[in-house]
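The values are calculated or read from the model by the stated rules, or taken from the named source; none is laboratory data. Owing to the predicted nature of the structure, the values given are computational and were not obtained by experimental measurement. Here the Cβ positions follow ideal geometry from the backbone for every residue, glycine too, while neighbour counts run over all protein chains shown. Note: accessible area is taken over every heavy atom of the protein model, side chains too, but ligands, DNA and RNA are not part of it. Shrake-Rupley method; radii C 1.70, N 1.55, O 1.52, S 1.80 Å.
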Amino acid sequence: MEIFIDGRKVEAAPGTRLIDAAADAGIAIPSLCHHRELNPTANCRLCMVEVEGWRTEMAACALQVTEGMRVRTETPRIAEARRAALELVLARYHDPQWGKPDRVESEFEYWCRRYDVTVPGSVKSPGPLPADADRHPFIRVDLNRCILCTRCVRACAELQGRHVWGIAARGERSHVVAGMEQTMLEARCESCGACMAFCPTGALENRAAAEAGIPERRVTTVCPYCGVGCSYDLAVRGEKVVAVLSNPYAPVNGMHLCVKGRFGAGFLHHADRLQRPRIRRWLLEGGTRRPDEPRGDWVDTDWATALGIVVEQLEGMRKASGPDAIGVLASAKCTNEENYLLQKLARQVIGTHNVDHCARLCHASTVAGLALALGSGAMSNTLRDVAEQAAAVFVIGSNTTEQHPVFGAMLRRAVTQRGAKLVIADPRAIDLAELATLHLRHRPGTDVALVNGLLHLIFKNGWEDAAFIAARTEGVEALKALVAQYPPSLVAQITGLEEEDLEAAARLLAQSKPMAVVWAMGITQHTTGVANVLALANLQLALGNFGVPGSGVNPLRGQNNVQGACDMGALSNVFPAYQAVGDAAVRGKFAAAWGTAGFGEKPGLTVTEMIGAAGKRALRGLYIVGENPVLTDPDLNHVRQALGAAEFVVLQEILPSATAEFADVLLPGAAWAEKDGTFTNTERRIQRVRQAVEPPGEAREDWAIVADIAERLLLAQNRAPIGPHAGWRYDSPTQILEEIAALAPSYGGVSVHRLESGEALHWPVPTADHAGTPILHRERFTRGKGAFHAVEHRQPAELPDAAYPLLLTTGRVLYHWHGGEMTRRSPGLLALAPESEVEINPADARRIGLNGATHLRLLSRRGELRARAWVTERVPEGIVFGNFHFPAEGNVNNLTVLALDPVAKIPEYKVCAVRAEPLP
Ligand code: SF4
């Protein structure tokens, strides 16, 4: 509709608040309590405007636009009222630093200056309340600067769903308070910093940003942690990132971030950052190393020497033992461009499909299972449409608020603000279970039985979407025959659930439309990972939940760019865009593009296979970029043994990770804030990553290192491949993205220009004029018809027994990330979660005689773990939970079992047998 603001014609969508419509048109109406991401309260009265035909001024934050509305935002009378309102607020405000030139001006200071409100001396005096009494590690609280706008209260309640802040007392005594006059952390604060990001005065202030002063520039980029793909601004002074700041235009997350995203950048400038290449002395001395010999000292060196040795070793092995004697581990933390180059290096230059990365350890089952059922292995919908439009969400095997926190908060909002139904299937009482309509605490490893049981009830009661099944699927009869054998009595026996709960869940999921299924590694990291995924695809096919907002299959990818690394073909069985290495036409296409004679038709080795082969020296050279198998692979004693015996390991990293101990050459790469490129988030959204600072010392961007190695190897091979995309002379990641677009059909229309112009591109984007595909499978599935697969329940590889009576399941915690190399070097995060912790049920704690001991020991057939004991009902009796964020004996992967899903080759991290003992 059209409205007129200060005589200017402005267009606005129906329902838009006047203050936001004005802001979109570049007209700033003052406000202290309003923010477009929060519900209005109209309590500061600064946004009063005149509306033609209305007898009194109106609060623009509470007023929705109407067709033809004519508004005046600034008149002498309004300006006078604003001055009066600001003076009233100032009357109880104290800030000794007011107006200091070396600090960032707050919104409040700005409006006071703008309306020429004089600041009395009392404002600059210390206030009556203690400043920084809360001692929160990231947020400085000074309630002398609070103006009771309640943005913090609303941000915590409405965005994070945590309700840490409230208003205590009334009248003159009203004040903002955490919990019951507690500290923020005592009041269950998750340290997302939303309260602080919305605060207009600095009463809640980012410690790091305040100490650093005014940033010289802000650079918009994407978070390096999880696959949600939040974007934000890095505040930079000189060559230092001093803080992470919300960017209100961030497409996925708006102002919201989680604790890791907002406060977990400390590792970037950590003293441990690798700054020069290093090599082992034995390499300098031209010797060899036997499998049982220690690797010896590190020696700092220059790039030419380090890369010369890498090329000499790898090329020597390639010549002597063939290309498959070498393996490349790509990285879900690197950009799309870098992953593209890594697999091109493996295939074009070395001549092997031995290229893989950690997707093998997290969502290989998703990719394989969904490819079979639907033809595409990715999330079908967007995070926002699931959170905003699903009538019900079935979360299975995803601790969403800790692993994908901003999306977890969106799900909280879906339940509390619009009444979406939530069904959680998880053995642990994860935080999201507090809001669930139903929480199914099934035994780990019984997901197929659970879903088959739900399908049994759905078909039995005629709750399936018969029209959808008839029009868009195949194979339903075989599925029906199979799930007929999963009556509630049997499923209850296998899963440990009550029959009534199964019935209630089946009814709720079937009768809420659209319904979205969300999962993560609780589904995929099993020997039945692919079967689990197929079962969930069966459920959504049977209920016709595809092709519309709020529906679909929604695997949440772990690392920031694990989706992109898969898309780029950093997998042993596919070229970029999932073009199978087994397809002769595909091989021909890439041979022509890269100027090679051809490629083998058999997939290469996977991550775990490469590590095993390196230990036996069947694989002689291993080039690892940004992966940390020594902490993140299962059965770590086996991994350490294998890497210890490996002949030649090159590690390209930003920090000396635990894997560095087993490397022969260490190449310093660049962190996310030090390079350009693109990441692809879990919802297939391709986003720009922008360089904010230079890499430290002599560290280089990873794409440049890979290209350098490739050129040197080609020279050593005396090869000059001829083909449209055969070369390695790249000026920038932009050029690499152009090559990707030429060879990966789903990225065909992606360009830096489009991304910079703000287009939201979810692949497939086949052409430059294609708008992208936020929702997959609208009219047809990628494979044509959706295929049902009759999958049987199978037991996990190792279950508790008399010697190891507890079932161990594993995962991550909110404050750390994977092997913890980054988060353990971000000081506040380490303060919040300083050591490895194991959740144990009170009954089990009693049984093992924990008797108040703070620490315990877990033992499996493969190793042991020492950790703090958290005695809690979060885990049911018989189950313990641990994480893999800490090195050495604190890492749960000392215990996990190297049993693989037969199709996806993903390890069964989620189930193994252990016993527990108290530690004195
Ligand atoms: Fe980063 Fe994920 Fe947190 Fe967003 S939710 S800030 S992407 S870790």
Would you point out which residue out of Arg866, Arg846, Arg861, Arg824 is open to solvent by 30 Å² or more (accessible area, probe 1.4 Å) and part of a strand (DSSP E or B)?
-> Arg866
Considering only segment 549-595, state which residues are surrounded by 20 or more Cβ atoms within 10 Å (Cβ to Cβ) and of a type in the set (Lys, Arg).
-> Arg557, Arg587
Determine if segment 361-373 includes at least one residue that is outside any helix (DSSP H, G or I) and under 29 Å from Gly522 (Cα atoms).
-> yes
Are there any pairs, at least 6 apart or on different chains, whose C-beta atoms fall under 7 Å, with the first in segment 177-200 and touching a residue at least 12 places away in the same chain (Cβ under 8 Å) and the second open to solvent by 10 Å² or more (accessible area, probe 1.4 Å) and among the aromatic types (Phe, Trp, Tyr), and if so, which?
-> Ala178/Trp165; Ser191/Phe138; Ser191/Phe263; Gly193/Phe138; Gly193/Phe263; Cys195/Trp165
Any chance Pro721 is at pLDDT below 95 and either of a type in the set (S, T, N, Q) or surrounded by fewer than 21 Cβ atoms within 10 Å (Cβ to Cβ) (or both) | yes
Any hit, segment 173-184, residues being open to solvent by 30 Å² or more (accessible area, probe 1.4 Å), within 16 Å of the ligand (Cβ to nearest atom) and either touching a Lys or Arg at 6+ places or on another chain (Cβ under 9 Å) or on the phi < 0 side of the Ramachandran plot (or both) | no
List the number of the failed condition for Arg280; all other conditions in (1) touching a residue at least 60 places away in the same chain (Cβ under 8 Å); (2) more than 10 Å from the ligand (Cβ to nearest atom); (3) closer than 23 Å to Val693 by Cβ; (4) surrounded by 15 or more Cβ atoms within 10 Å (Cβ to Cβ) hold.
-> (3)
Pairs returned, first residue in segment 6-18 that is touching a residue at least 60 places away in the same chain (Cβ under 8 Å), second residue that is crowded, with 20+ Cβ neighbours inside 10 Å, beta-carbon separation under 9 angstrom, 6 or more apart or interchain, are Asp6/Ala22; Asp6/Val71
Hey, among the residues in segment 239-260 that are within 18 Å of Thr680 (Cα to Cα) and open to solvent by less than 20 Å² (accessible area, probe 1.4 Å), which one's farthest from the ligand (Cβ to nearest atom)?
-> Gly254
Segment 17-48 - residue that is farther than 23 Å from Thr201 by Cβ and buried (at least 20 other Cβ atoms within 10 Å of the Cβ) and, of those, nearest to the chain's Cα centre (by Cα) | Ala21
Determine the pairs where a residue that is closer than 19 Å to Lys675 by Cα, located within segment 247-273, has a partner that is within 14 Å of the ligand (Cβ to nearest atom) and open to solvent by 20 Å² or more (accessible area, probe 1.4 Å) with Cβ atoms under 7 Å apart, the partner being 6 or more residues away or on another chain.
-> Gly264/Met822; Phe267/Met822
Which of the residues spanning segment 351-374 are surrounded by fewer than 24 Cβ atoms within 10 Å (Cβ to Cβ) and at pLDDT below 95?
-> Ala368, Ala371
Complete set of residues in segment 399-444 that are acidic (Asp, Glu), away from the ligand (no atom under 13 Å from the Cβ) and part of a helix (DSSP H, G or I) = Asp431, Glu434
Number of the exception - Val89 against (1) free of Cβ contacts under 8 Å to residues at least 60 places away in the same chain; (2) more than 14 Å from Thr201 (Cβ to Cβ); (3) buried (at least 20 other Cβ atoms within 10 Å of the Cβ) | (2)
From (1) touching a helix residue (DSSP H, G or I) at 6+ places or on another chain (Cβ under 7 Å); (2) farther than 24 Å from Ala378 by Cα; (3) open to solvent by less than 50 Å² (accessible area, probe 1.4 Å), pick out the condition that doesn't hold for Leu832.
-> (1)
Among (1) open to solvent by less than 50 Å² (accessible area, probe 1.4 Å); (2) farther than 23 Å from Phe198 by Cα, which single condition is Thr56 missing?
-> (1)
From the list Val328, Val386, pick out the single residue that is assigned to a strand (DSSP E or B), at pLDDT 95 or above and among the β-branched types (Val, Ile, Thr).
-> Val328
Name the pairs whose Cβ atoms lie under 6 Å apart, with the first residue in segment 399-417 and open to solvent by 10 Å² or more (accessible area, probe 1.4 Å) and among the hydrophobic types (A, V, I, L, M, F, W, C), the second more than 10 Å from the ligand (Cβ to nearest atom) and outside any helix (DSSP H, G or I), and 6 or more positions between them or separate chains?
-> Val415/Leu422
State which residue is farthest from the ligand (Cβ to nearest atom) when the search covers only segment 650-687 and only residues that are hydroxyl-bearing (Ser, Thr, Tyr) and in contact with a Gly (Cβ under 6 Å, 6 or more places away or on another chain).
-> Thr680
Quick one: is Pro745 touching a Ser or Thr at 6+ places or on another chain (Cβ under 8 Å), touching a residue at least 24 places away in the same chain (Cβ under 8 Å), more than 24 Å from Cys223 (Cα to Cα) and open to solvent by 10 Å² or more (accessible area, probe 1.4 Å)?
-> no
Taking only segment 204-238 into account, find how many residues are touching a residue at least 40 places away in the same chain (Cβ under 8 Å) and either within 16 Å of the ligand (Cβ to nearest atom) or among the aliphatic types (A, V, I, L, M) (or both).
-> 21
Could you check, for segment 511-521, whether at least one of its residues is in contact (Cβ under 8 Å) with a residue 12 or more places away in the chain, assigned to a helix (DSSP H, G or I) and open to solvent by less than 20 Å² (accessible area, probe 1.4 Å)?
-> no
Answer yes or no: is there a residue in segment 832-844 that is under 30 Å from Ala542 (Cα atoms) and of a type outside the set (D, E, K, R).
-> no
Please determine, by comparing only the residues of segment 765-788 that are open to solvent by 40 Å² or more (accessible area, probe 1.4 Å) and within 23 Å of Leu534 (Cα to Cα), which one is farthest from the chain's Cα centre (by Cα).
-> Lys785
Go over the candidates Ala449, Ala470 one by one and state the one that is assigned to a helix (DSSP H, G or I), surrounded by 20 or more Cβ atoms within 10 Å (Cβ to Cβ) and in contact with a helix residue (DSSP H, G or I) (Cβ under 9 Å, 6 or more places away or on another chain).
-> Ala449
Does Arg135 fit the bill of being open to solvent by 60 Å² or more (accessible area, probe 1.4 Å) and within 26 Å of Thr75 (Cβ to Cβ)?
-> no
